[in-house]
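Q: Below you will find the structure I want to go over with you.
The values are calculated or read from the model by the stated rules, or taken from the named source; none is laboratory data. Predicted model, so just to flag it, every value in this text is computed and none were measured. Cβ placement follows ideal geometry from the backbone for every residue including glycine, while neighbour counts extend to all protein chains displayed.
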Amino acid sequence: MKMDRREFISQTISSSIGLSLMGFPALAGNPMGNDLTILHTNDMHSRIDPFPYDGGKYAGKGGMARRAQLIKEIRNRESQVLLFDAGDIFQGTPYFNMFGGELEFRLMSQMRYDAATLGNHDFDNGIDGLERQLPHAKFPFIISNYDFTATSLHQRFLSYKIFQKGAISVGVFGLGIELQGLVSEKLFGNIRYLDPVPVANEMVQHLRSMGCDLVICLSHLGYRYSNDKISDQILANDVHGIDLIIGGHTHTFMEKPETVTGPDGHTTIINQVGFGGINLGRVNYKPTPNHGRATATSSTVKVTN
């Protein structure tokens with residue numbers, strides 16, 4: 001019996017999210033009301049299933065069902081959780097070729113992502129292709145340095161969002177990489193790229209003026225380069241006041257997050273967890289009394305069975 005497209009997507013979502021996985025190790029957790037847990041992914045590249053058991057480097061790793069179960073277990077142990085993605089959700093497996101990103105957005109929505117930013121591969125089906133899939137995303141996209149005014153995506157995205165989690169007010173903004181040279185002009189059309197550094201400075205000042213205790217950047221700029229191209233490292237050095245940069249684009253498997261201390265003494269944590277949903281990033285913040293500077297611990301959780 002032939003299965004139509006809509007039925008296939010529905011069954012795939014059901015099996016991916018509803019799968020009960022045994023054998024996850026117990027997760028350390030201390031559900032204290034004012035602690036904040038930030039979970040993050042990047043460069044998922046339409047990896048719905050685990051990597052195939054083919055003897056390759058990443059054989060058997062990842063998979064959205066496993067990630068969903070892992071996120072569920074963390075939420076059961078922690079009272080305040082935020083879940084973010086740093087872009088390149090699309091492109092990389094036949095699921096994207098068949099369904100254009102619908103499956104990815106619907107599964108992320110069921111995992112209750114709080115926000116994501118855009119990567120260059122999210123334009124691989126053009127502006128129209130991305131726009132068609134947006135109704136399936138029940139979470140906002142935050143992108144601060146793309147001007148969509150002259151496109152059909154005008155006012156479809158946020159430049160920032162503030163989340164209130166317990167006693168902590170969290171301001172989030174997003175930065176995308178320059179599309180020129182990475183994406184065909186016919187695909188990104190009249191989107192105008194803005195210099196990330198002045199945009200980030202403006203976002204930090206605005207979010208701090210709004211009373212945010214933590215400022216997070218969802219970045220698809222890339223961790224670092226051999227030249228002076230804008231990267232997460234340069235951003236952390238040049239823009240003071242960002243607490244956490246959740247990175248993407250360079251598929252960097254960071255053994256541990258990097259801490260950058262600026263001239264003013266402000267510290268910025270940078271983290272990126274590879275690609276394909278192999279890892280889940282985790283940052284735990286513990287606020288200090290009277291809304292003083294929070295302390296943070298970071299780790300990377302491997303998504304395996």
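Q: Based on what the data block shows, is Val199 buried (at least 17 other Cβ atoms within 10 Å of the Cβ), part of a helix (DSSP H, G or I) and touching a strand residue (DSSP E or B) at 6+ places or on another chain (Cβ under 9 Å)?
A: yes
Q: On the given criteria, is Asp264 surrounded by fewer than 17 Cβ atoms within 10 Å (Cβ to Cβ) and more than 21 Å from the chain's Cα centre (by Cα)? Talk me through it step by step, then tell me what you get.
A: On the way: surrounded by fewer than 17 Cβ atoms within 10 Å (Cβ to Cβ): yes; more than 21 Å from the chain's Cα centre (by Cα): yes.
Criteria met by Asp264.
Q: Here are Gly55, Gly92: which of them is at pLDDT 95 or above, small (Gly, Ala, Ser) and either more than 22 Å from Glu178 (Cα to Cα) or in a loop (DSSP other than H, G, I, E, B) (or both)?
A: Answer to the check: Gly92.
Q: So if I check each of Ser169, Ser152, Ser144, which one is touching a Ser or Thr at 6+ places or on another chain (Cβ under 6 Å), more than 27 Å from Gly63 (Cα to Cα) and without any contact (Cβ under 8 Å) to a residue 60 or more places away in the chain?
A: Ser144
Q: Out of Arg106, Arg112, report the one residue that is within 30 Å of Ser169 (Cα to Cα), within 13 Å of the chain's Cα centre (by Cα), among the basic types (Lys, Arg) and not in a strand (DSSP E or B).
A: Selected residue: Arg112, the only one of Arg106, Arg112 that is within 30 Å of Ser169 (Cα to Cα), within 13 Å of the chain's Cα centre (by Cα), among the basic types (Lys, Arg) and not in a strand (DSSP E or B).
Q: Determine whether the range 107-123 contains at least one residue that is modelled with pLDDT of 95 or more, in contact with a helix residue (DSSP H, G or I) (Cβ under 7 Å, 6 or more places away or on another chain), over 26 Å from Ile38 (Cβ atoms) and not basic (Lys, Arg).
A: yes
Q: Here's another thing I want to ask about it. Being free of Cβ contacts under 8 Å to residues at least 12 places away in the same chain and either in contact with a helix residue (DSSP H, G or I) (Cβ under 9 Å, 6 or more places away or on another chain) or not in a loop (DSSP other than H, G, I, E, B) (or both) narrows it down to one residue among Thr268, Thr259; which is it?
A: The match here is Thr259.
Q: Follow-up. Which pairs turn up if I take residues in the range 120-140 that are over 18 Å from Asp43 (Cα atoms) and look for partners that are of a type in the set (Ser, Thr, Tyr) and surrounded by 17 or more Cβ atoms within 10 Å (Cβ to Cβ) with beta carbon separation below 8 Å, at least 6 apart in sequence or on another chain?
A: Ile127/Thr151
Q: Return the residue satisfying two criteria in turn: it lies in the range 41-63 and is in contact with a helix residue (DSSP H, G or I) (Cβ under 8 Å, 6 or more places away or on another chain) and aliphatic (A, V, I, L, M), and of such residues it is farthest from Leu218 (Cα to Cα).
A: The residue in question is Ile48.
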